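Let me begin by presenting the structure, written as structure tokens, before commenting on it.
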Amino acid sequence: MLVVYYSSSSEYTHKFARKLRHPTQRLPLLTRDEMPEIDEPYVLITPTYGAGPNRGSVPKQVKKFLATAKANRTNLLGVIGAGNTNFGQNYCRAADLVAAKCNVPVLYRFELLGTPEDVAKVDEGLEELCQRQQRSEI
Ligand SMILES: Cc1cc2nc3c(=O)[nH]c(=O)nc-3n(C[C@H](O)[C@H](O)[C@H](O)COP(=O)(O)O)c2cc1C
């Protein structure tokens, strides 16, 4: 299962994604860069960047990616949230917002780099999703 992810210069999400057994594609760091168009089913991993109660938590790069092409929204199967539980109620809020907007489930949440257990669970979940997807295509 293809995993598309955004990771800022702190690269926690990048380090997590690198450990997955599945193919990954990183979104550009700069919002002005061209965003890819994804033409196959995929799962998105997004960190949350909250900035005050009235500001969005979804990284601008993720918003631009989803707005760039209809395919990026229709091929999205689910969202995985990266965050930090220190943010309390706003833990992984970006994943909740994207999932609600695109009408897909939040599949998993992990903190910072994630643990080896998080990596194993996500790998397993992605494998299941892949198999379910293949069955539905037959
Ligand atoms: C300014 C700032 C705001 C953040 N806001 C939130 C937040 O609202 N909720 C949350 O769960 N994590 C929040 N985080 C934590 C990041 O989502 C977390 O560190 C994530 O692993 C960063 O991923 P990245 O290094 O791949 O960009 C925030 C981090 C920063 C620096």
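The values are calculated or read from the model by the stated rules, or taken from the named source; none is laboratory data. Owing to the predicted nature of the structure, the values given are computational and were not obtained by experimental measurement. Backbone-built Cβ (ideal geometry, glycine too); neighbour counts: all protein chains shown.
Residues checked against (1) over 14 Å from the mean Cα position of the chain (by Cα); (2) among the β-branched types (Val, Ile, Thr); (3) assigned to a helix (DSSP H, G or I); (4) closer than 22 Å to residue 20 by Cβ:
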{"position": "35", "(1), (2), (3), (4)": "yes, no, no, yes"}
{"position": "39", "(1), (2), (3), (4)": "yes, no, no, yes"}
{"position": "45", "(1), (2), (3), (4)": "no, yes, no, yes"}
{"position": "63", "(1), (2), (3), (4)": "no, no, yes, no"}
{"position": "67", "(1), (2), (3), (4)": "yes, no, yes, no"}
{"position": "78", "(1), (2), (3), (4)": "no, no, no, yes"}
{"position": "81", "(1), (2), (3), (4)": "no, no, no, yes"}
{"position": "104", "(1), (2), (3), (4)": "no, yes, no, yes"}
{"position": "126", "(1), (2), (3), (4)": "no, no, yes, yes"}
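Residue 9 versus (1) at negative phi; (2) surrounded by 14 or more Cβ atoms within 10 Å (Cβ to Cβ): which is the lone unmet condition?
So residue 9 meets the others, but not (2).
Tally time: how many residues in the stretch 44-94 are of a type in the set (S, T, N, Q), over 16 Å from residue 13 (Cβ atoms) and within 12 Å of the ligand (Cβ to nearest atom)?
Of the residues in that region, 3 qualify.
Anything in the stretch 5-27 that is within 13 Å of the ligand (Cβ to nearest atom) and either closer than 25 Å to residue 100 by Cα or modelled with pLDDT under 95 (or both)? List them, or say none.
Once the filter is applied, which keeps residues that are within 13 Å of the ligand (Cβ to nearest atom) and either closer than 25 Å to residue 100 by Cα or modelled with pLDDT under 95 (or both), the stretch 5-27 yields 5, 6, 7, 8, 12, 13, 14, 16, 17, 24, 26, 27.
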